[in-house]
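Note sheet for the following structure.
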Amino acid sequence: MPEKLRKKDALDYHSSGRPGKIEVVPTKSTKTQRDLSLAYSPGVAEPCLEIAEDVSNVYKYTAKGNLVAVISNGTAVLGLGNIGPEASKPVMEGKGLLFKIYADIDSFDIELNCNDVDDFVKIVKAMEPTFGGINLEDIKAPECFEIEKRLKKELKIPIMHDDQHGTAIIASAALLNATEIVGKNLADVRVVVSGAGASAISCAKLFVSLGVTRSNIMMLDSQGVINKHREGLDEYKSQFINDTDLNTLDEAMVGADVFVGLSKGNIVTPEMLLTMAKDPLVFALANPDPEIPYELAVRTREDVIVATGRSDHPNQVNNVLGFPYIFRGALDVQATEINEDMKVAAVRALAALAKEPVPEFVNMAYSEKNIQFGRTYIIPKPVDPRLISRVAPAVARAAIKSGVAKKNIGDWEEYATSLENRLGLEERLIKAITSKAKQNPKRVVFAEADNFKILKAAQIVKEEGIAKPILLGPVDKIRAIIEDNQLDLANVPIIDTRAKEQDEKRAQFGELFFNKRMRRGINLYEAKKMMRDRTYYGAMMVETGEADALISGLTRQYPETIKPALQIIGKEDGTNRVAGMHIVLTRDQGPIFFADTTVSFNPSSEELVEIAALTAKAVRQFNIQPKVAMLSYSNFGSVENEETIRVRNAVSMLKERFPGMIVDGEMQVNIAFDNDLMKENYPFSAVVDKNVNTLVFPNLHAANIGYQLMHSLGRCEVIGPILLGMKRSVHILQLGSSVREIVNMVAIAVTDAQVKAKRKVG
């Protein structure tokens, strides 16, 4: 992309619409005069008095406990240098944005026109009553060391200069994992650090805390190696005087195990890299140009592990992996500081997370197929949603254990869940479904296993203990895809439904199918021949108990996939029809269930009743009470025609047949979700104050368009279609589903199979 275009895009992004990247949003209702009286005068006096009586109540009645100040004087902004406080503001706003989206921490950016250390400390100290924590940012060395040291001593809230400690924490996690991969002991590794600024010194200090021998660290500044011959060094550089006669970078690199670059680009040559020890670790962290380009490094040595500060290369050392979650944990226990124990806890939590299986949407975000712990993945990716529930609790525990926490956490599992919920309600349901599936994983047959997405999903559900996959398709083709993509599907059955060795099984299945369909136009020869089709074969495996659930439809249209399932397995006893349901995962309202999205074109009143009953039953299986809105373009008789009457009649029938069901209609969708509007205009409705979570649409067109709109424009995650009313667990994927969507559907298929198996036993 041309430089001019990149610049324009960046400027347009920051200036378009409302200038800047952040705003202040009320957290309480302000719609009425009473609300305003409570928010301000006279009601605001009550919390004021409570805080005056006990200052710790400030955390109870104000935003202090979730508010961080991002403070800079603009003296060392990114790689731009001393550009001044105003010019630093876009960066500080960006930092506030990251605090919010990654850890749900509110922040104010504060840019100080102040270069004097004493004045800077005095100003920040005066703001202590306002904030729960202070994030210092882009302040040049050595002033940044003195400022942080004094503020930590004089304030009783967590302080962190992220330029120092953020990089150090992430680089340390990378070091732990990289040395483990190459089989080197931290105490024995020789480390070269190019740069002696805030980040470099903090990295070296944290390395020592983790077990690196101080005398094995050789640090260089602009004058060369900080050795025993150097004079006039400040107290910070003096910590890393090395007893050596070496002076230059090329001399220092000979035999080194680790290189950490926090200086400037392109100072490490291939020749220097070749002089390093076996399996060298190169953390070239200068931005935008690393000390040695990534491609050049890996081309020069096959045994090198490279990390950079760039997002377009593996192993990105990015501060966003640390600071949001460190402050989150510190704030949640009202820590009085961020100490060494808390930083080390963050390091170890990050290192541990990198060893866990990577969520599929993380793969998707980086256009990767199978990210795994190893040389190109030594630290987690910034988009990994698990970071908040791994790092923050580790930091909070360390704060409590080290005695700097004013608040304890009673239930750590509940705390982890609350952290996940901070980032939205949408993940809760799928987590619950997955957990349920893992309790009793079932055999799931994949009808389209000659597809990478299916195989990747099969690997994930196998590794995570969600399901026991069975693969249908050409054996050689499937094994080739597995090998080409380095998938782990060892010991997973692969069945070629067309292979000669399946003749006997096809004959057996064909006879069973003939007995089911012989009076419906199918002869025995055709029945046996149809068993060559993987969807028919898979459905018969489920019917005969050789599998517990069937997943199909990734590469086929919905009607041709559902037909074999209906012909072989059929509808659940007592059910006259099947229906399709999608789950729309919304951030603020949690899961919303849409029906019928795939089967019934223009259902009658009776059919709408069946659809609503099937959907409500399915919602209950997720341990959620269904609150059903029967949708139309009319509100409770405001429009009289055939369609609205059909929906209205369905509501009456539902209330008669299922008196305990929370259901009402006909109503428009905006009424269903605007409780105040409903209460004002239709106070008689059965769903007033009930928070509707289930939508039954008047026809297939409306339902399908509805969930597709939410998926496309609402940017909601959608799970489905979930096939309701089948005798056994059969679920048909949406054409072209992502791996994540397939995994979600498998989890649902397993829980469905669990319920159906329990019902059968009962």
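Brief remarks follow.
- Among the residues of the range 518-562, the ones that are modelled with pLDDT of 90 or more, more than 27 Å from V739 (Cβ to Cβ) and either outside the structural domain of I495 (by TED's automatic domain parsing) or buried (at least 17 other Cβ atoms within 10 Å of the Cβ) (or both) come to 4 in all.
- Boolean, K477 is over 22 Å from P721 (Cα atoms), assigned to a helix (DSSP H, G or I) and at pLDDT below 95: no
- Filter result for L723 (under 28 Å from Q567 (Cα atoms) and under 28 Å from the mean Cα position of the chain (by Cα)): yes
- When V254, V225 are screened for being among the aliphatic types (A, V, I, L, M), surrounded by fewer than 17 Cβ atoms within 10 Å (Cβ to Cβ), farther than 30 Å from I371 by Cβ and over 37 Å from the mean Cα position of the chain (by Cα), only V254 passes.
- Within the range 403-418, the set of residues being touching a residue at least 24 places away in the same chain (Cβ under 8 Å) and under 13 Å from Q334 (Cα atoms) comprises V404, A405, K406, K407, N408, I409.
- The set of residues in the range 179-196 being under 17 Å from F259 (Cβ atoms) and either touching a helix residue (DSSP H, G or I) at 6+ places or on another chain (Cβ under 8 Å) or in a helix (DSSP H, G or I) (or both) consists of T179, I181, V182, L186, D188, V189, R190, V191, V192, V193, S194, A196.
- Qualifying residues in the range 9-57 (those that are under 35 Å from the mean Cα position of the chain (by Cα), part of a helix (DSSP H, G or I) and modelled with pLDDT under 90) - the one farthest from K89 (Cα to Cα): A39
- Pairs where the first residue, in the range 611-636, is in contact (Cβ under 8 Å) with a residue 60 or more places away in the chain and farther than 15 Å from I583 by Cβ and the second is surrounded by fewer than 18 Cβ atoms within 10 Å (Cβ to Cβ) and of a type in the set (G, A, S), C-beta under 6 Å, 6+ apart: none
- Some residue of the range 82-90 being farther than 21 Å from P288 by Cα and surrounded by fewer than 16 Cβ atoms within 10 Å (Cβ to Cβ): yes
- Restricting attention to the range 368-427, the residues that are part of a helix (DSSP H, G or I) and of a type in the set (D, E) total 5.
- Residue that is surrounded by the most Cβ atoms within 10 Å (Cβ to Cβ), among those in the range 637-693 that are assigned to a loop (DSSP other than H, G, I, E, B), in contact (Cβ under 8 Å) with a residue 24 or more places away in the chain and among the aliphatic types (A, V, I, L, M): V692
The values are calculated or read from the model by the stated rules, or taken from the named source; none is laboratory data. Worth saying up front: this structure is predicted, and the values here are computed from it rather than measured. Positions of Cβ are backbone-derived with ideal geometry, glycine not excepted, and every protein chain shown enters the neighbour counts.
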